[in-house]
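A short reminder: the numbers here are calculations on the coordinates, not readings from a lab. The structure displayed is predicted, hence computed values, not measured ones.
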Amino acid sequence: MDLDRKEANLIEKLREIKNERIQLCTPNVFPCIKCPDILEHVKLILTKLQLEELQQILIHQTSTHSMSEEAEGRLKVLRTLEYIDRQNLVQLKGKVACEISHQELLISELILDNKFHDRSPPEIAALFSAFTCQHGGKNNNNNLIKRNIYNNKNLKNLQINENNEGKEEELIERVPGEILKENLM
């Protein structure tokens with residue numbers, strides 16, 4: 001008896017579908033059937049529906065419900081520090097933080113929180129001195145190497161001069177050329 005009911009339901013559904021199809025094909029009910037570009041229009045509608053479905057999927061994937069707890073925790077910290085707002089848009093403070101390193105970030109955090117307001121200039125200088133480090137950067141090392149090379153060449157030239165007093169003219173011509181080459185580099 002179940003099969004008869006299911007078959008009856010299927011037959012009824014097929015009749016409904018057939019009636020709807022007949023109505024869709026009736027030009028008086030749907031004049032768009034006569035349009036010569038109907039296939040293109042149907043393709044556009046299908047594309048639109050697919051894009052809307054994809055949009056819903058992407059919205060769900062980027063929602064806070066689908067994010068991991070770690071990412072939610074990070075967003076909470078960024079909101080607490082006011083780097084982003086409630087809509088997760090980056091604020092000025094966040095833009096500044098993106099451009100600087102951790103020491104500068106700490107300094108800017110202290111400045112933006114007005115922590116130096118009640119401090120005397122010596123206290124502020126003492127606080128900033130903790131962030132300074134005296135070491136040569138990349139450019140300083142290159143200059144130091146160039147100076148050492150220059151000094152070594154001059155030392156060699158002096159040794160040559162002492163050993164070869166007869167070749168003074170050659171030495172005089174060579175030293176200015178080397179100096180020019182080093183200064184141009």
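Assorted remarks:
- Unsatisfied cross-links (Cα-Cα over 32 Å) in the set K48/K95; K6/K43; K6/K34; K18/K48; K13/K34; K48/K93: K48/K95; K6/K43; K6/K34; K48/K93
- Region 48-96: C-alpha gyration tensor shape, a/c 1.5 cut-off, then a/b vs b/c: oblate
- Cα shape, region 1-105, gyration tensor, a/c 1.5 rule: oblate
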